[in-house]
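Since the structure comes first, as structure tokens, the remarks are kept for the end.
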Amino acid sequence: MYILAVTSCPVGIAHTYMAAANLKKAAKKRGIDIKIETQGAQGLENEITKDDIARADGAIIASDIKIKFPERFEDLPVLECKVQEAVKDALGILDELLEAIS
Amino acid sequence: MDLCSLIDKRLIVFNFDGQDKEEIIQGVAELMFNSGKIADKVKYVEGVFKRESECSTGIGMGIAIPHCRSDVVTQPCFSLVKLKNEVEWDSFDGKPVSYVIMLAAPNDANNEFLKLLSSLSYNLMDDDFRETLINASSIEEIELLFKEKGEN
């Protein structure tokens with residue numbers, strides 16, 4: 001199982017990174033491989049590549065704003081949520097996606 | 001460069017007085033203004049409240065991280081403020097706040113500074129890091145924690 005995630009927020013110095021930290025923790029808890037791209041004030045970090053997309057089983061987009069390059073995820077099951085939901089309950093979000101694609 | 005390099009002792013308070021969210025944001029902004037981090041207190045506070053109105057910064061576990069990026073910020077910085085009394089902050093977990101980390105970044109900050117501020121946000125989700133930080137009672141303890149943890 002390989003999951004992708006993008007986190008983003010309007011200011012790009014706080015929620016984006018807290019959501020990323022919690023999604024990473026949640027994936028570790030479920031024993032799942034995850035790659036998280038942050039779209040914060042520093043721009044795209046840990047950018048998701050074509051290869052990542054090709055081998056991914058699903059994606060989480062946790063953002064309050066329009067993310068950059070959303071079309072990359074067109075052919076994947078995508079769970080979209082607000083960034084604060086991923087800060088609050090990353091495990092719940094991840095489980096929701098896992099349930100949908102299993 | 002690590003997080004320690006952004007520590008300003010004038011922005012670290014272990015017994016901060018304030019009755020509510022508004023008063024505390026104003027008070028911390030005052031500290032930032034007095035230590036030359038922001039050029040215009042009113043505009044900075046406006047930016048912080050605009051952000052609050054979009055999404056609460058009460059991230060739960062007794063912590064709030066009000067923040068904004070603004071042209072009036074002259075030096076990227078953060079406050080570490082332990083409150084004398086808990087206050088309501090419309091937190092994710094509904095609990096009151098007893099620790100306020102206010103972040104300020106200029107709109108044109110270089111990536112290095114932004115990276116440090118975001119690494120602080122990232123590390124706050126780490127249970128050990130967060131608990132050590134909020135339980136620290138001296139600047140030395142905080143510096144030690146930041147040195148150990150470095151960047152994420």
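The values are calculated or read from the model by the stated rules, or taken from the named source; none is laboratory data. Computed from a prediction, not measured in an experiment: that's the story for all the values here. Reconstructed Cβ throughout: ideal geometry from the backbone, glycine too, with neighbour counts over all protein chains shown. Side chains included, ligands, DNA and RNA excluded: accessible areas come from the protein's heavy atoms. Shrake-Rupley method; radii C 1.70, N 1.55, O 1.52, S 1.80 Å.
Here is how the numbers come out for the structure above:
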quantity	calculated
Rounded Å value of the spacing that divides the Cα centres of region A:1-15 and region B:1-49	27 Å
Whole-number percent relative contact order across region A:2-101, with pairs defined as alpha carbons under 8 Å at least 6 apart	35 percent
Potential extension, residue A:65-residue A:80 segment - 0.36 nm per residue separation minus Cα distance	4.3 nm
Shielded by partner chains, region B:112-132 residues - at least 30 Å² of accessible area, 1.4 Å probe, vs chain alone	B:114, B:118, B:121, B:122, B:125
Residue order for B:42, B:97 - accessible surface, 1.4 angstrom probe, largest first	B:42, B:97
Accessible surface of region B:4-151 [probe 1.4 Å, protein heavy atoms]: carbon and sulfur percent	46 percent
Largest to smallest principal axis extent of the C-alpha atoms in chain A, angstrom	34, 28, 18
Farthest positive-ward along the protein assembly as shown dipole, Cα basis, beta-carbon charges - from A:46, B:91, B:74	B:74
Only Lys, Arg (+1) and Asp, Glu (-1) charged, at Cβ; region B:48-152 dipole about Cα centre in debye	240 debye
Kirkwood Rh in Å, taken over all unlike Cα pairs in region B:4-151	15.2 Å
For residue B:128, solvent-accessible area (1.4 Å; no DNA, RNA or ligand), Å²	120 Å²
Average accessible surface area per residue within the protein assembly as shown, 1.4 Å rolling probe, Å²	45 Å²
Total formal charge among the other residues, if their Cβ is under 13 angstrom from that of residue B:68, Lys/Arg +1 and Asp/Glu -1	+1
For the protein assembly as shown, with +1 on Lys and Arg beta carbons and -1 on Asp and Glu, the positive-most of B:58, A:100, B:39 along the dipole	B:39
Proximal aspartates and glutamates relative to residue B:147, as straight alpha-carbon distance under 13 Å, when same-chain residues fewer than 8 apart are discounted	B:2
